[in-house]
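Following: one structure in structure tokens, then a few remarks.
The values are calculated or read from the model by the stated rules, or taken from the named source; none is laboratory data. What you see is a predicted model; the values in this text were computed from it and never measured. So basically every Cβ, Gly included, is an ideal-geometry build from the backbone, and we count neighbours across all protein chains shown. These accessible areas exclude ligands, DNA and RNA; they are computed on the full protein's heavy atoms, side chains included. Shrake-Rupley method; radii C 1.70, N 1.55, O 1.52, S 1.80 Å.
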Amino acid sequence: MTQIINTNCLLALFVVFLASDTFGNDGDYMKRDHSLVRPFQGVGVILPHWDFMGNTMVTSNYIRLTPDLQSKSGALWNYNPIMSRNWEIHVGFKVHGKGTELFGDGFAVWYTKERMQTGPVFGSKDYFNGLAIILDTYSNHNGPHNHQHPYLSAMVNNGSWSYDHDRDGTHTQLSGCEVRFRNVDYETLISIRYENDILSVSTDLENRNEWKSCFVVANVELPTGYYLGLSATTGDLSDNHDIHSFKFYDIDDNVSQDEIMRRTNIIPNAKSFEPPREHKDDPKPGMSNAKIFFILLLVVVVAALVAIFAISYFKDRNARKRFY
């Protein structure tokens, strides 16, 4: 009888352990207190381990940061600080909307000191401390680009840099790559891996169940004790920005607690940035084809009226001469 009770206790403890952390490949395991897995379930307006604000809407299958409407903003923030030296994040998402040529603005994945603070950087705070992974769907066309949009880039900030939307953030980005993820009928994925001060970002945007490298940057120093979040915004242009999953994996291997605590005092920094491009003032908008057409039409109508008046005038004058 005692043996049966002990066995049941061990099974119960094992189930509780699996409920809190799930093992992945190579000894990595997903920590549920930093993750979001469908179906999303909350009690009222409470989502376990996460806060959300703005226009964020939680359903059982996705979390919508913004709807496909103008001037909307939403954010989702984990309220447990990350106390892992090395980690990996997998984000499943869909960005879609009615726009075929014009759409925006995009969303960002955050690992920052600050949390739940609204601002102009894809709905979150400017002059932040930490890491931003930005998926920008709209090009502001300020200065020459060497890439197309949508564009994925990374920025590390110590609180002293501003994200410049006119330059699409290219003067402060670590690196980036072109990405195509809008209006596809399947879930798209991004992987963010931070291990031994190396930041690696990969994508699975073609539903092939395999990662494609976007960029790898060495000598990136990030503290422990920061928070994970996501945010999105729309302006004159809009899109649905939907989060389908957010999985955090602890990949620490023989990292001491002293090392983890020591890294809480690190100031975020990166040794290299991409060369900045020249800032140029936005060009004045030119006339649309429709406006040019109506101006030409007005000129033709005025010219026709002048011609008709002139013809009538000279006919009347000639008639009077014959009468006298």
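Quickly work out the Met83-to-Ser312 label distance, labels modelled 7 Å from Cα along the C-beta direction, and quote it in nm with one decimal.
So the label points at Ser312 and Met83 sit 9.2 nm apart.
Which ³J(HN,Hα) values, rounded to whole Hz and listed in residue order, are derived for region 64-77 from phi using the Karplus coefficients 6.51, -1.76 and 1.60 in 6.51 cos²θ - 1.76 cosθ + 1.60 with θ = phi - 60°, glycine and proline given as x?
3J(HN,Hα) across region 64-77, in whole Hz: 8, 6, 9, x, 7, 9, 5, 6, 10, 8, x, 8, 9, 10.
Say the dipole of region 216-271 comes from +1 at the beta carbon of Lys and Arg and -1 at that of Asp and Glu; which of His241, Gly229, Pro268 then lies farthest toward its positive end?
Farthest towards the positive pole: Pro268.
Using a simple spin-label model with points 7 Å from Cα along the Cα→Cβ vector, what separation in nm is obtained for Gln41 and Phe293?
5.7 nm
For region 49-189, with all protein chains present and a 1.4 Å probe, just round the carbon and sulfur fraction of the accessible area to a whole percent.
47 percent
Residue by residue through region 266-271, which ³J(HN,Hα) values in whole Hz follow from phi under the Karplus form 6.51 cos²θ - 1.76 cosθ + 1.60 (θ = phi - 60°), with glycine and proline marked x?
Once rounded to whole Hz, the list reads 5, 8, x, 7, 9, 6.
Please work out how much length the chain gains when fully extended from Ile198 to Gln117, using 0.36 nm per residue of separation minus the C-alpha to C-alpha distance, in nm with one decimal.
26.4 nm
For region 160-173, what does the Karplus curve 6.51 cos²θ - 1.76 cosθ + 1.60, with θ = phi - 60°, yield as ³J(HN,Hα) per residue in whole Hz, taken in order and with x for Gly and Pro?
In residue order, the calculated couplings are 10, 9, 9, 7, 9, 5, 4, 9, 6, x, 6, 7, 10, 7 Hz.
Along the Cα→Cβ direction, 7 angstrom out, place labels at His96 and Asn61. What is the inter-label distance in nm?
Rounded to a tenth, the inter-label distance reads 0.9 nm.
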